[in-house]
Amino acid sequence: QGVTQGGYIYSDGRNLCRLCTITAVLEDSLIQSAYKAVIAQFESVGITNISNDIPIILVDLNQLNQKAGKLSHIKLKGFTRIDPVLDKTNQSVYSFQIFILFGLPRIEFEAVLAHELLHVWLQQNQIILSPATSEGFCNLGQYLIYNNDQTQFSMIHLRAMEKDPDPIYGKEYLKMKVHLKEKGWNNLISYLMHYH
């Protein structure tokens, strides 16, 4: 109340400060502009050919945890569902659906979307990583969005990622970030593309 003159409580119990409600992602047009912004930032570092027709569905916290099932956790903000399907020629391909919490501030929404789209990219390129390494790599998507944004909001999120004690989302992310610093995006992507 003292800093932002109040805020908003969502129906699923989440709180959002008044400043963050200004950019909250609540409708399809905002989803599409965020999608384009993330794809453009990926392309600038060499991550290309991600499908542009993946359904992105806004859900509440209860729906998200329900979709994630045994993969749900307390800080979950997005989840990618990957299902094997047959195409017109009876070849096995994958269909993707991305579920993200409604009402996230735009930059946080883009960061979560970037994480989820990297799950899609790994699958599309048949890159098999351990579940922990996969999450660590996908967190580099969040890192890219926040680092490019350079606002105070993004710096707070970057610091939180650095200090996250979680063995998967924290420690594995830091390991992947070391690889990124050593190799750069192009070499890291090239390395992963040959890692299957």
FRET E, pair Gln123, Lys75, Förster distance 30 Å, beta-carbon r, rounded to 0.05: 0.85
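Just add up the charged neighbours of Ala160: K/R +1, D/E -1, any other residue whose Cβ is under 15 Å from the Cβ of Ala160.
With Lys, Arg at +1 and Asp, Glu at -1, the neighbours total +1.
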Part-to-part distance (alpha-carbon centres) for segment 48-102 and segment 107-152, which is given in Å: 14
Phi-based couplings in Hz for segment 80-89 (Karplus 6.51, -1.76, 1.60; Gly and Pro marked x): 10, 9, 10, 10, x, 9, 9, 7, 4, 9
Cα gyration tensor shape for segment 91-143, rounded if a/c is under 1.5, else prolate or oblate: oblate
Leu174 accessible area, assembled protein chains, probe 1.4 Å, Å²: 60
Principal axis dimensions, segment 18-122 - Cα atoms, whole angstrom, descending: 51, 35, 22
Amide H contacts under 5 Å for Ile57, placed H, 5+ residues apart: Ile98, Phe99, Ile100
For Arg18, solvent-accessible area (1.4 Å; no DNA, RNA or ligand), Å²: 130
Counting DSSP beta bridges with both ends in the chain, the antiparallel % (nearest 5): 75
Thr48 - accessible surface, heavy atoms, 1.4 Å probe, Å² rounded to 10: 60
Base-10 log of normalised Debye intensity for segment 1-77 (one unit scatterer per alpha-carbon) at q = 0.11, 0.12, 0.25 Å⁻¹: -0.43, -0.51, -1.16
DSSP H segments from the chain that extend 18 Å or more along their own axis, Cα-based, with Kyte-Doolittle mean of 0.0 or above: 28-44, 106-124
Counting all C-alpha pairs of segment 138-189, share separated by more than 13 Å (%): 57
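The values are calculated or read from the model by the stated rules, or taken from the named source; none is laboratory data. In this text, all values refer to a predicted model and were calculated from it rather than measured experimentally. Glycine gets a Cβ as well: all are built from the backbone with ideal geometry, and neighbour counts include every protein chain shown. When the accessible area is computed, the model is the full protein with side chains, heavy atoms only, and any ligands, DNA or RNA have been set aside. Shrake-Rupley method; radii C 1.70, N 1.55, O 1.52, S 1.80 Å.
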